[in-house]
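**Student:** One structure, as structure tokens, below. Some questions next.
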Amino acid sequence: MALKIHWIHRSCYLIETPTGKVHCIESLMPQESRNIIIPYLYQKLGVYELESLIISHYHFNGHMGGAGTLIEGLNGRINNFYSTNVISTGNPETTYEPDILWQERLFDELEKYNINHEISKAGDSFQDGEVTFDIIGPLDEYAYPNIEETDYPNDESGLDVKISYGDFSFMFHGDKFKSGVEEVLTNMSDPTATIFHIPHHGDVSRIDSDMLNLVNPDFATPEQDRGAFDLLDDNNIDYHQLLDTDIGRNREGRDRIIIKGYMDGNYNIVENVEEVVRISKI
Ligand SMILES: [Fe+2]
């Protein structure tokens, strides 16, 4: 059996482990979780539940927005929900209204289905067979911030995870600022990763060349962050193996799905998005 990292859309990944369980990172938007994530699970993977849903932070746009809809769509068949301690507070200066609305929706669904909720920070980890999920952020000092003293508590305290299986690893960061990502990386005993989802916020990259060298990925998933492509070029990192297939030509990455499987030390592109879209429209 293989570990498969399915890059679904934007920052959303499905992690299929050798035990046959599936973990979801980020939940996209409500309509996307319903129209993309669930059809993908059911029709492409033949899986009807999630072992875990991992949300980096309580911002609607692409991160937490689809979580309540996803739980409802799965009739509560999610065994564990991982998040940070920092929810959106409703401060009109810093809060986008849908953050509050959809966060409440999410909490209603968690309660309705009695889903185990693990508040996580750096140092925590969980296991699925031989696959290890290490929570690498937020660091202690950001895990319980004084909400009054920071303008961006959700971003600064975002959850980051490194998933390891043998000598393979996949690293994902939330919307931290550059300094925050750097702190997390320099705190790690092993900051390297085989596949690195380049952290960004909108079109703003959250890493620089030094950080990219620290992670030293074989492959990177830059999503729509145009600056990230320049970084990859500058650092001579081989992302072309991803991009030179029919799945990666669109630099914005918005309407593409990359599925990479890791099996016996080899990387395989398995499917592309057109088939999934077609299936989901049946
Ligand atoms: Fe954010």
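The values are calculated or read from the model by the stated rules, or taken from the named source; none is laboratory data. Predicted, not measured: the structure shown is a model, and the values here were computed from it. Cβ sites come from the backbone with ideal geometry, for glycine too, and all protein chains shown count toward neighbours.
**Student:** Return the pair list, or none, for Cβ contacts closer than 6 Å from residues in the range 51-77 that are under 19 Å from D175 (Cβ atoms) and more than 16 Å from the ligand (Cβ to nearest atom) to residues that are outside any helix (DSSP H, G or I) and hydrophobic (A, V, I, L, M, F, W, C), at least 6 apart or on different chains.
**Tutor:** Hits for this filter: L53/C24; L53/I78; L53/F81.
**Student:** Ok, one more. Looking at the range 132-152, is at least one residue more than 25 Å from D208 (Cβ to Cβ) and of a type in the set (V, I, T)?
**Tutor:** yes
**Student:** Does Y142 qualify as being buried (at least 17 other Cβ atoms within 10 Å of the Cβ), within 16 Å of the ligand (Cβ to nearest atom) and of a type in the set (S, T, Y)?
**Tutor:** yes
**Student:** Which ranges mark the strands (runs of 3 or more DSSP E) fully within the range 1-110 that have 3 or more residues being over 13 Å from the mean Cα position of the chain (by Cα)?
**Tutor:** Fully inside the range 1-110 and qualifying: 78-83.
**Student:** Go through the range 110-156 and give me each residue that's within 28 Å of G166 (Cβ to Cβ), at pLDDT below 95 and among the acidic types (D, E).
**Tutor:** Within the range 110-156, just E130 meets the criteria.
**Student:** Among residues belonging to the range 173-196 that are of a type in the set (D, E, K, R) and either within 11 Å of K162 (Cβ to Cβ) or buried (at least 24 other Cβ atoms within 10 Å of the Cβ) (or both), point out the one that is nearest to the ligand (Cβ to nearest atom).
**Tutor:** If we take residues in the range 173-196 being of a type in the set (D, E, K, R) and either within 11 Å of K162 (Cβ to Cβ) or buried (at least 24 other Cβ atoms within 10 Å of the Cβ) (or both), then D175 is nearest to the ligand (Cβ to nearest atom).
**Student:** Now, a different point. Give the residues of the range 146-168 that are in contact with an Asp or Glu (Cβ under 8 Å, 6 or more places away or on another chain) and either farther than 18 Å from P199 by Cβ or away from the ligand (no atom under 15 Å from the Cβ) (or both), sorted by residue number. Steps first, please.
**Tutor:** Within the range 146-168, the first condition is being in contact with an Asp or Glu (Cβ under 8 Å, 6 or more places away or on another chain), and the residues that meet it are 150-151, 154-155, 158, 161-166.
T150, D151, V161, K162, I163, S164, Y165, G166, listed by residue number.
**Student:** Take the residues in the range 198-225 that are within 22 Å of L139 (Cα to Cα), surrounded by fewer than 22 Cβ atoms within 10 Å (Cβ to Cβ) and within 15 Å of the chain's Cα centre (by Cα), then tell me which one is nearest to the ligand (Cβ to nearest atom).
**Tutor:** For the range 198-225, the residue satisfying everything is H201.
**Student:** Let me ask another. Exactly one condition in (1) at positive phi; (2) touching a residue at least 40 places away in the same chain (Cβ under 8 Å) is not met by G123; state its number.
**Tutor:** Here G123 meets the rest and fails (2).
**Student:** A further question on this structure: Taking L53 as the residue in question, decide whether it is within 20 Å of I15 (Cα to Cα) and modelled with pLDDT of 95 or more.
**Tutor:** Here the answer is yes, as L53 does meet what is asked.
**Student:** Right, something else. Any idea which of I25, I100, I8 is touching a Phe, Trp or Tyr at 6+ places or on another chain (Cβ under 7 Å) and modelled with pLDDT under 95?
**Tutor:** Testing whether each residue is touching a Phe, Trp or Tyr at 6+ places or on another chain (Cβ under 7 Å) and modelled with pLDDT under 95 leaves just I8.
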